[in-house]
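Written below as structure tokens is the structure these notes are about.
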Amino acid sequence: MSPLLQIRLLGGFDLSSKGGVAPALRGTKPRSLFAFLALHRALPHTRDELAGLFWPDASDAVARRRLSQALWRIRRGFQAAGLSPPLISQADLVRFDESANYWLDVTAFEQAVREGLDGMAGMAEVERASRLERAAALYQGELMAGFYEDWIILERERLREMHLNALERLVALYEHLGAYEEALHYARRLAAEEPLRERAHYEVMQLCRRLNRPQEALKQYERLVAILAEDLGASPSLPVQRLYRQLASATKWETAPRPQRASARMTAPLLVDAAALPLVGRKAERAQLLTLVDDALRGAGGMALVEGEAGVGKTRLLQEIARDAAWREMRTLWGRGRDLAARPSYDALLEAVRAGLSPLRASQLAQLLSRGELETLTLLLPELRDWLPQLKGPTATVGSERLSQALSRLALALGEIAPHLILLEDLHWADAGVLETLVQLAETLGRRRREGRPSRLLLIVSYRGEDAREREEVWSSLRRLAQAAGIHPLRLSRLAARETGELVRQALGLMEPAPRFEARIYDESEGNPLFVLETLRALMDEEMLFCDAAGQWRTPFDETTRDYGELPVPPGVVQVIERRLRRLPPDLRIVLDAAAVLGREFDYPLLAHVLTRSPRVILDALTELMQRGFLLEESSGYAFAHDKIRQVTYEAM
């Protein structure tokens, strides 16, 4: 049966009746009260609660009288339309009648977003996009636009953020499906509705470029510049500025004589922001990890191990899982093992949990952990003393087992406060303290599942199998970890030929397949994603791969071969990276070498302290190294685009 009453609260307040007269609720308070009851229909509300919420400045007697008048106006409005008011009054309680024949746009919107973001087993991407399109159509504006009661604000912001996340996901889905016009439509809407979300403007520019509409992309950049300058007194980030320069240069070539070759650096998405490339393949692996995320959200926390060779895409998969978890409002914490210099004990796990700590979180942990556990943790996390002045240091020597137990309890407590996903990378370099703590966590999580006790903590650990096997203590601990967690490692294989071809097309921004070239790259890379991307970079650097005046990808061998057989591709990722390193000018190589000594991540002040060069020279070198794909810019500093690049750079010194 079709709903008789339709309630629309997104974009304002509107009631309509199917085949009848619409109820007319006169006055702001009756409308706001009715909306509140409809949105909070799961529980009854006392009259005192409603009176205090809607008339906080009036006396109790006056507030109760005004509440009665507002409820009377709601009933009168429905009765005048020949409808039964969907409210139930029982003694001192008032509630919305959920058995009424009604439709609420907010409920339909939330359901469409959940289905589009979370999906169901086997749901195709096209179907997810359809759900999110419905959500976008339902969102006609902010909740109760034109109403300003305090209770509306939090709900309004929650629904708005849900809407923006849905638009962002819709753009990504359509981009992955190759439906660039649809992706551009929703990217423009996202940029218009959240003007300070720089990523949305960047997506608009990228999609305009893919659709060969550079002038529209340049106009979008100009709008972004004006918005940031007016609202924040800031400029666009470096990746957006680089994309603008590339588009501006390409546009000039459209109206002026163009050289025979256009620089690959001007056109390939790979060299603009490789981290933004869509995830290729890994559907089964992603689905398996997302099941664990959903289980943790329901209280069945656990652990997963992801194994794979260098460059096979472990980090990229975890980045996608982190995004999926964020859409589910799950807090994500990252940590990474490191192989250079003397590492502090527990470094990877401490890096992760430290990112989740704050004064508020410390006060919450003080309610869940014993004083002894907290004082033990101050040895590893001294900032806890700043937030909890009552803590003192341990009175006795603390052994590694006690430290591991305290750190394990801390991680579990974070899951009790809110759903948490902890991602630990490169565990083949982990120290004994981290590995022992993880074994304890796995045993505790397994015991809680068996006993039916909830835990909203999920840990995903990644490592290189070949490197882990070279360290007996690490390999033994990882086997113990898998046994304690009752799981088998998720082993990432290399990409298949079809998936490798898709990665090549995504990296170069190809609108059409290039079967022979894709097959040649697959034959040489054997489907290792890092090798694929580094090979493309190397060929571009050496102008063995370039865009001609018509925007078509070419090689010098196009005239003499039918299968790109002569294309000079080295037989391994290390050789590819070494060849790219040899082509670096001396000033860039000096900066990159210094960065390799500092580690996978490093900050500018430390790099500047190491190098005896002017700040301008160092900053220019860093910018060029980012443009060449060796480095990435992060919120706290810089990082190598892949640890294999840092490793090869370091070992070549």
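The values are calculated or read from the model by the stated rules, or taken from the named source; none is laboratory data. Given the structure is predicted, the values throughout are model-derived calculations rather than measurements. Virtual Cβ from ideal backbone geometry, glycine too; neighbours counted across all protein chains shown. Accessible surface areas use protein heavy atoms only, side chains included; no ligands, DNA or RNA. Shrake-Rupley method; radii C 1.70, N 1.55, O 1.52, S 1.80 Å.
Things to note:
- Estimated translational D of the stretch 609-653 in µm²/s (Stokes, Kirkwood radius over Cα pairs; 20 °C; 1.002 mPa s): 187 µm²/s
- Coordinate range of the alpha-carbon atoms in the stretch 314-388 per principal axis, descending: 39, 36, 17 Å.
- In a reduced charge model with +1 at each Lys and Arg Cβ and -1 at each Asp and Glu Cβ, the stretch 102-195 shows a dipole moment near 140 debye about its Cα centre.
- Solvent-accessible area per residue in the stretch 1-152 equals 51 Å², computed with a 1.4 angstrom probe and all protein chains kept.
- Note on the stretch 50-152: Kirkwood radius taken over Cα pairs, Stokes-Einstein applied at 37 °C and 0.692 mPa s, translational D equal to 193 µm² s⁻¹.
- Signed unit charges on C-beta, dipole axis of the chain, positive-most listed residue 517, 597, 379: 379
- Based on DSSP H segments of at least four residues, each scored -39500 (n - 2.57), the chain has a per-residue ellipticity at 222 nm of -18000 deg cm²/dmol.
- The residues 522, 102, sorted by heavy-atom accessible surface at 1.4 Å with ligands and nucleic acids left out, run 522, 102 from largest to smallest.
- Beta bridges assigned by DSSP with both partners in the chain are antiparallel in approximately 50 percent of cases.
- Only protein atoms count toward the accessible area here, which uses a 1.4 Å probe; on the stretch 96-165, the carbon and sulfur part of that area reaches 50 percent.
- Hydrodynamic radius by Kirkwood, which averages 1/r over all alpha carbon pairs of the stretch 67-112, in angstrom: 12.1 Å
- Helix axis angle, 400-417 relative to the chain longest principal axis, alpha carbon, degrees: 50 degrees
- Between the helical axis of 573-582 and the longest alpha-carbon principal axis of the chain there is an angle of about 70 degrees.
- Summing charges over neighbours of residue 494, with a neighbour being any other residue whose Cβ is under 15 Å away from its Cβ, gives -4 when K and R count +1 and D and E count -1.
- Average projection area in nm² (convex hull over Cα atoms of the stretch 168-249, one quarter of hull surface): 4.9 nm²
- Each 10 Å bin, from zero up to the one with the longest distance, holds this percent of the alpha carbon pairs of the stretch 286-416: 10, 36, 33, 18, 3.
- Tail beyond 40 Å, pair distance distribution of the chain (Cα, percent): 42 percent
- C-alpha long axis of helix 198-210 to longest principal axis of the chain, angle in °: 60 degrees
- Accessible surface of the stretch 284-325 [probe 1.4 Å, protein heavy atoms]: carbon and sulfur percent: 51 percent
- Rolling a 1.4 Å probe over the heavy atoms of the protein chains gives the stretch 165-256 an accessible area of 44 Å² per residue.
- Accessible area in the full protein assembly, largest first, 1.4 Å probe, for 150, 593: 150, 593
- With R₀ set to 30 Å, the beta-carbon distance separating residue 469 from residue 42 gives a calculated FRET efficiency near 0.05.
- Across all directions, the average projected area of the convex hull around the alpha carbons of the stretch 389-523 is 13.5 nm².
- Among the protein heavy atoms of the stretch 428-559, carbon and sulfur supply 47% of the accessible surface, probe 1.4 Å, non-protein parts ignored.
- Dipole magnitude of the chain about its Cα centre (Cβ charges: Lys, Arg +1; Asp, Glu -1), debye to nearest 20: 1480 debye
- Over every Cα atom in the stretch 1-102, the radius of gyration and the widest Cα-Cα span, Dmax, amount to 13.5, 45 Å.
- Rounded, prolate or oblate (a/c below 1.5 giving rounded, otherwise prolate when a/b exceeds b/c) for the stretch 101-163 by Cα gyration tensor: prolate
- Probing with 1.4 Å while keeping every protein chain in the model, the per residue accessible area of the stretch 374-511 equals 42 Å².
- Shown here for the stretch 363-407: trypsin sites (Lys or Arg not before Pro) in loop regions (DSSP other than H, G, I, E, B) with at most 14 other Cβ atoms within 10 Å, namely 392.
- Per residue, the convex hull spanned by the Cα atoms of the stretch 116-215 measures out at 104 cubic angstrom.
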